[in-house]
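Right, one structure below, let's go through it.
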Amino acid sequence: MRLSRAFLPTLKETPAEAQIASHRLMLRAGMVRQTSAGIYVWLPLGWRVLQKVEQIVREEQDATGAQEILMPTIQPADLWKQSGRHDAYGPEMLRLKDRHEREMLYGPTNEEMVTDIFRSYAKSYRDLPRNLYHIQWKFRDEIRPRFGVMRGREFLMKDAYSFDLDYAGARRSYQRMFVAYLRTFARMGLKAIPMQADTGPIGGDLSHEFLILAETGESQVYLHRDLLAFDVLSQTVDYDGDLSPIVDFWTSRYAATDEKHDAAAWAAIPAADQVSARGIEIGHIFYFGTKYSAPMGLQVSGPDGKMVTPEMGSYGIGVSRLVGAIIEANHDEQGIRWPEPVAPFRLAVLNLKPGDAGADALAERLYAAFDPDAVYDDREDRAGVKFADADLMGYPWQAIIGPRGAAAGRVELKRRATGERAELSLEDAIARIR
Ligand code: ATP
Ligand code: MG
Ligand code: MG
Ligand code: MG
């Protein structure tokens, strides 16, 4: 992406309405733009990040054997009347009528719809277990949308739904998602901690929220220090094997949000191991048994010919919230510091003197080596503007090329996360970034 031709608008001023760093930085870096309260346009830079986050979520869901579908945003109210949630859900649900006066709604979640889909096809125990997920926009008319995409009204969620023959199977499905969530967040450079959680309006009795620690988090959390030290990605996972050891490790150390906090259990932890902090909820997994399958009449024939009501769970990740959460965890005074896997572009080539034949040639070669995962700052702007923009946008690597260095065939490479700089030949710079 050549900046001279790109639509990557930035804001000079710090927007007054933004209370937290991620919101400020997303507006200043031109990632999003609000169109009404809690509803955002994703501009090119933000959209690229959102898609990278989404793709990591997708890969880790697929690895568990879950299958992706796409359910619509607009749902018939009738399904929600079957589950009893049409009245129960309250004013967070956006209710609509079509031209024939049929009651519709913009989905805040999809348990009813997926149960309806599954009951139309599943006939026997051989159709179980299954896990269906989608990555789709949700609408919740939040009473206080705030913190930018962190608490939007329209937001992107990955929601998965498992169907099993019995409790033991449902527990295995739950464990698969538990482990997949650990891996998903770790791949984005986040330390997400699973915590015992209330089941909320969705109901059930086995539930974990995944939170990252951040001063601006909306939840108060309590956890054992060990949980912050564990390296998730060093373990290989066999989703057909027994995942209990991984789940047991995480659940054997204390971790709870304030809703589930147990003062006595907490007091038993040595003070040096107690971490109490603020947290951002980025994912939530629930087992809820037959809460939807029973009222909605989902049944399959069991191995003995008797009808069985499948046990279900649902598993959400706040895909758009994650973009804000990643920034909360990775920024400094100058701007964003993207972890490489979710960076909008991995490299920014800063040509300090466009028009200088040597600088142009070197910059073009480096840019070509990483395009389309690089931006090329070929604008006629002062060096200071280019440095500031690159720091703000947070590209993991900056390659600074000026006429003098170019004449000597040298590139100055800067690592955004650490500020480290090195003068390298083009070949060495390419090798370092790869
Ligand atoms: P919260 O407690 O923040 O209101 P929730 O518990 O209501 O979230 P869930 O129903 O568990 O949300 O939905 C799954 C995930 O969707 C959440 O873990 C969160 O990451 C994300 N999410 C929920 N509400 C929003 C929102 N208003 N804006 C952005 N993401 C959201
Ligand atoms: Mg909520
Ligand atoms: Mg919650
Ligand atoms: Mg939740």
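Observations on the structure shown:
- Residue in the range 84-103 that is within 13 Å of Gly313 (Cβ to Cβ), crowded, with 21+ Cβ neighbours inside 10 Å and more than 11 Å from ligand 1 (Cβ to nearest atom) present: no
- Test for Asp391: is it acidic (Asp, Glu), within 34 Å of the chain's Cα centre (by Cα) and under 22 Å from Leu11 (Cβ atoms): yes
- Pairs meeting the criteria (first residue in the range 208-234 and touching a residue at least 60 places away in the same chain (Cβ under 8 Å) and within 14 Å of ligand 3 (Cβ to nearest atom), second residue part of a strand (DSSP E or B) and among the basic types (Lys, Arg), beta carbons under 8 Å, at least 6 apart or on different chains) are Gly217/Arg278; Glu218/Arg151; Glu218/Arg278; Ser219/Arg278.
- The residue that is farthest from Leu211 (Cα to Cα), among those in the range 271-296 that are in contact with a His (Cβ under 9 Å, 6 or more places away or on another chain) and surrounded by 20 or more Cβ atoms within 10 Å (Cβ to Cβ), is Phe286.
- The residue that is nearest to the chain's Cα centre (by Cα), counting only those in the range 254-289 that are within 16 Å of ligand 4 (Cβ to nearest atom), among the β-branched types (Val, Ile, Thr) and at pLDDT 95 or above, is Ile282.
- When each of Met296, Met312, Met307 is tested for being out of contact with any strand residue (DSSP E or B) (no Cβ under 7 Å at 6 or more places or on another chain) and modelled with pLDDT of 95 or more, the lone residue that passes is Met296.
- Extreme residue, farthest from ligand 1 (Cβ to nearest atom), among residues of the range 181-213 that are outside any strand (DSSP E or B), at pLDDT below 95 and not β-branched (Val, Ile, Thr): Asp205
- Residue in the range 248-255 that is part of a loop (DSSP other than H, G, I, E, B) and within 18 Å of Phe185 (Cβ to Cβ) present: yes
- Qualifying residue in the range 160-180 (condition: crowded, with 22+ Cβ neighbours inside 10 Å and within 16 Å of ligand 3 (Cβ to nearest atom)): no
- Residue match in the range 331-350 (condition: more than 30 Å from Glu60 (Cβ to Cβ), basic (Lys, Arg) and not in a helix (DSSP H, G or I)): no
- Residue in the range 290-312 that is touching a residue at least 40 places away in the same chain (Cβ under 8 Å) and within 16 Å of ligand 4 (Cβ to nearest atom) present: yes
- Among the residues making up the range 35-82, a single one is more than 29 Å from Val179 (Cβ to Cβ), hydroxyl-bearing (Ser, Thr, Tyr) and outside any strand (DSSP E or B): Thr73.
- Residue selected from the range 108-120 under the condition over 13 Å from Ser314 (Cβ atoms) and within 30 Å of the chain's Cα centre (by Cα), by the criterion surrounded by the fewest Cβ atoms within 10 Å (Cβ to Cβ): Ile117
- Tyr239 among the hydroxyl-bearing types (Ser, Thr, Tyr), in contact with a Gly (Cβ under 8 Å, 6 or more places away or on another chain) and away from ligand 3 (no atom under 16 Å from the Cβ): yes
- Residue in the range 123-131 that is of a type in the set (A, V, I, L, M, F, W, C) and either within 15 Å of ligand 1 (Cβ to nearest atom) or part of a helix (DSSP H, G or I) (or both) present: no
- Within the range 256-276, residues that are free of Cβ contacts under 8 Å to residues at least 60 places away in the same chain reach partners that are of a type in the set (Gly, Ala, Ser) and not in a loop (DSSP other than H, G, I, E, B) with beta carbons closer than 7 Å, at six or more positions or on different chains, in the pairs Asp258/Ser219; Asp262/Ala256.
The values are calculated or read from the model by the stated rules, or taken from the named source; none is laboratory data. No experiment lies behind these values; they were computed from the predicted model shown. All Cβ positions, glycine included, derive from the backbone under ideal geometry; neighbour counts span all protein chains shown.
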